[in-house]
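Asks: Before we start, here is the structure in question, set down as structure tokens.
The values are calculated or read from the model by the stated rules, or taken from the named source; none is laboratory data. All figures in this text were calculated on a predicted structure; none of them were measured in a lab. Here the Cβ positions follow ideal geometry from the backbone for every residue, glycine too, while neighbour counts run over all protein chains shown.
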Amino acid sequence: MIRFADRMNLLTGSEIRELLKLTAQPDIISFAGGLPAPELFPVEGMKAAAIKTLEESGEAAMQYSTTEGFPPLRQKIVDRMKAKNGIQTDIDHILITSGSQQGLDFAGRVFLNPGDVVLMESPSYLGAINAFKASEPKFVEVPTDNNGMLMEELEKILATTDNVKMIYVIPDFQNPSGRTWTLERREKFMEIINKFEIPVIEDNPYGELRFENENMPSLKSMDTKDLVIFLGTFSKILAPGYRLGWVCAEDEILEKFNFIKQGADLQSSTVSQIETNTFLEMNDLDQHVAKIKEVYGKRRNCMLKAMEEYFPKECTWTYPDGGLFTWVILPEYMDAKELATQCLEKKVAYVPGGSFFPNGGHENTFRMNYSNMPEEKIEEGIKRIAEVIKANLR
Ligand code: PMP
């Protein structure tokens, strides 16, 4: 008999991955994945960047490189974080990772022993829950409302819970809820964190995709005690296929991430890094992001309008200012998983919300993605989901 590590008992294939297999059929209207719109990928621009890279520095691009990552790309990340997130840093504080997902995996390994406590928003990103699970922690969920994490609850939990080793948050256009923390919550959060001195993972893949209103300062930009570890990524502003993200943290912390990276994969793909850097030299990323925002903003409007028109009054949902998702709350007696099966019969899909709560419950919720479907399909899909919800009303 093959004997596996105990931690494997905690890891099961994600239900969402199974669901996504079904939704890959071409005639399904899928709001399930968190996929960017592929028709917006800058294929031509990347092709030109790839040719230039291979012609001018093909050998370097195919060679091993440093664990930290390609310095010119790290410099561009530093400049971008200053402009977009108000973060003052330098390239010595950036580690390139294979997507921000790798940063999450490393965070679990850097901070968590089995049985340690990790705090996160309730609900939170399923990929982070799964990444942290390998370290066998105890998950404590901090309640949230439409303005983000509830600070009185956070303070209470921190005052009464031993062994809290890390707090994981997504303050901008959260996955799955689409919510963004207010400035007041951010300020209060930093005040509490400074008092308890707990490291914070600030995961920010969506911050640049704001359709309206003012940008919020990142937690990292308000960090006076070097407690915040900021995770960024090119996945949603350029393309996820290159698998390029980054960790920004202070020396002592970043060194630990670097050690783990050496053991995990030595470095992120040299060719991805150099081609992306060349693309950024040849193109204006802000212009590209503006195009993405315009399309996603319209799709968001279309989805919210259709929900208002077709969903029964017994449901509520969030009104995101940006990002990729809205979050629907059904009447308590409904099970979004059961309804998902009925929706699949009508060829429409979403992700049931239960998986986003590490300790279970909340089966009457689901996540809707609006970035990946054209407007006609969004309206049609919402109509079909509305029919299913109505048929299940008591
Ligand atoms: N964090 C959050 C909140 C996400 O939604 C995602 C992607 N869906 C990731 C991290 C990982 O993204 P990537 O590894 O492509 O950067």
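Asks: Considering only the range 338-363, state which residues are within 22 Å of the chain's Cα centre (by Cα) and not in a strand (DSSP E or B). Spell out how you get there, then give the answer.
Replies: If we filter the range 338-363 for residues that are within 22 Å of the chain's Cα centre (by Cα), which is where we start, we get 349-363.
Matches in the range 338-363: 350, 353, 354, 355, 356, 357, 358, 359, 360, 361, 362, 363.
Asks: Do you know which residues across the range 283-329 are over 19 Å from residue 213 (Cβ atoms) and among the polar types (S, T, N, Q)?
Replies: 283, 287, 316
Asks: Another question, if that's okay. So which residues in the range 261-270 are buried (at least 18 other Cβ atoms within 10 Å of the Cβ) and assigned to a helix (DSSP H, G or I), if there are any at all?
Replies: 261, 270
Asks: Right, another one. Kindly provide the set of residues from the range 86-98 that are surrounded by 22 or more Cβ atoms within 10 Å (Cβ to Cβ) and within 15 Å of the ligand (Cβ to nearest atom), ordered by number.
Replies: 94, 95, 96, 97
Asks: Here is a further query. Just one of (1) out of contact with any strand residue (DSSP E or B) (no Cβ under 8 Å at 6 or more places or on another chain); (2) among the charged types (D, E, K, R); (3) within 25 Å of residue 251 (Cα to Cα) trips up residue 152, so point out which.
Replies: The one condition residue 152 does not meet is (3).
Asks: Can you pull out every residue in the range 104-130 that is among the polar types (S, T, N, Q) and surrounded by fewer than 24 Cβ atoms within 10 Å (Cβ to Cβ)? Spell out the reasoning first.
Replies: In the first step, residues of the range 104-130 are kept if they are among the polar types (S, T, N, Q); the result is 113, 122, 124, 130.
Listed by number, the residues that qualify are 113, 122, 130.
Asks: Moving on. Within the range 279-316, can you find the residues that are in contact with an Asp or Glu (Cβ under 8 Å, 6 or more places away or on another chain) and surrounded by 19 or more Cβ atoms within 10 Å (Cβ to Cβ)?
Replies: Hits for the range 279-316 are 299, 302, 306.
Every residue, every condition in (1) more than 19 Å from residue 148 (Cα to Cα); (2) small (Gly, Ala, Ser), yes or no:
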residue: 184; (1), (2): no, no
residue: 192; (1), (2): no, no
residue: 219; (1), (2): no, no
residue: 225; (1), (2): yes, no
residue: 246; (1), (2): yes, no
residue: 261; (1), (2): yes, no
residue: 269; (1), (2): yes, yes
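Asks: Answer yes if at least one residue in the range 221-242 is over 15 Å from the mean Cα position of the chain (by Cα), assigned to a helix (DSSP H, G or I) and of a type in the set (D, E, K, R), and no otherwise.
Replies: no
Asks: Also: Looking at the range 207-215, is at least one residue more than 27 Å from residue 31 (Cβ to Cβ) and part of a loop (DSSP other than H, G, I, E, B)? If you could, list the steps in order and put the result at the bottom.
Replies: The first filter runs over the range 207-215 and keeps only residues more than 27 Å from residue 31 (Cβ to Cβ), leaving 214.
Now drop any that are not part of a loop (DSSP other than H, G, I, E, B), which leaves 214.
Yes; the residues of the range 207-215 include at least one that is more than 27 Å from residue 31 (Cβ to Cβ) and part of a loop (DSSP other than H, G, I, E, B).
Asks: Could you check residue 229 against (1) within 15 Å of residue 93 (Cα to Cα); (2) surrounded by fewer than 18 Cβ atoms within 10 Å (Cβ to Cβ) and say which number it fails?
Replies: Only one criterion in (1) within 15 Å of residue 93 (Cα to Cα); (2) surrounded by fewer than 18 Cβ atoms within 10 Å (Cβ to Cβ) is unmet by residue 229, namely (2).
Asks: Among the candidates 261, 256, which residue alone is more than 19 Å from the chain's Cα centre (by Cα), within 16 Å of the ligand (Cβ to nearest atom) and of a type outside the set (Ser, Thr, Tyr)?
Replies: Working: 256 fails: within 16 Å of the ligand (Cβ to nearest atom).
Checking each option against the conditions leaves just 261.
Asks: Can I ask one more? Of the residues 322, 354, which single one is buried (at least 16 other Cβ atoms within 10 Å of the Cβ) and free of Cβ contacts under 8 Å to residues at least 40 places away in the same chain? Please lay out each step first, then the result.
Replies: Values: 322 fails: free of Cβ contacts under 8 Å to residues at least 40 places away in the same chain.
354 is the lone residue from the list that is buried (at least 16 other Cβ atoms within 10 Å of the Cβ) and free of Cβ contacts under 8 Å to residues at least 40 places away in the same chain.
Asks: Is it the case, given these coordinates, that residue 31 is outside the structural domain of residue 174 (by TED's automatic domain parsing), at pLDDT 95 or above and within 16 Å of the ligand (Cβ to nearest atom)?
Replies: Values: outside the structural domain of residue 174 (by TED's automatic domain parsing): yes; at pLDDT 95 or above: yes; within 16 Å of the ligand (Cβ to nearest atom): yes.
For residue 31, the condition - outside the structural domain of residue 174 (by TED's automatic domain parsing), at pLDDT 95 or above and within 16 Å of the ligand (Cβ to nearest atom) - is met.
Asks: Out of 73, 11, 22, I need the residue that is hydrophobic (A, V, I, L, M, F, W, C), under 30 Å from residue 380 (Cβ atoms) and surrounded by 12 or more Cβ atoms within 10 Å (Cβ to Cβ). Which one? If you could, list the steps in order and put the result at the bottom.
Replies: Details: 73 fails: under 30 Å from residue 380 (Cβ atoms); 11 fails: under 30 Å from residue 380 (Cβ atoms).
None of the other options fit; the residue is 22.
Asks: A follow-up question, please. What's the total number of residues in the range 21-38 that are in a helix (DSSP H, G or I) and under 21 Å from the mean Cα position of the chain (by Cα)?
Replies: Kept after step one, since they are in a helix (DSSP H, G or I), are these residues of the range 21-38: 21-23, 38.
So of that shortlist, the ones also under 21 Å from the mean Cα position of the chain (by Cα) come out as 21, 23, 38.
Number satisfying all stated conditions: 3.
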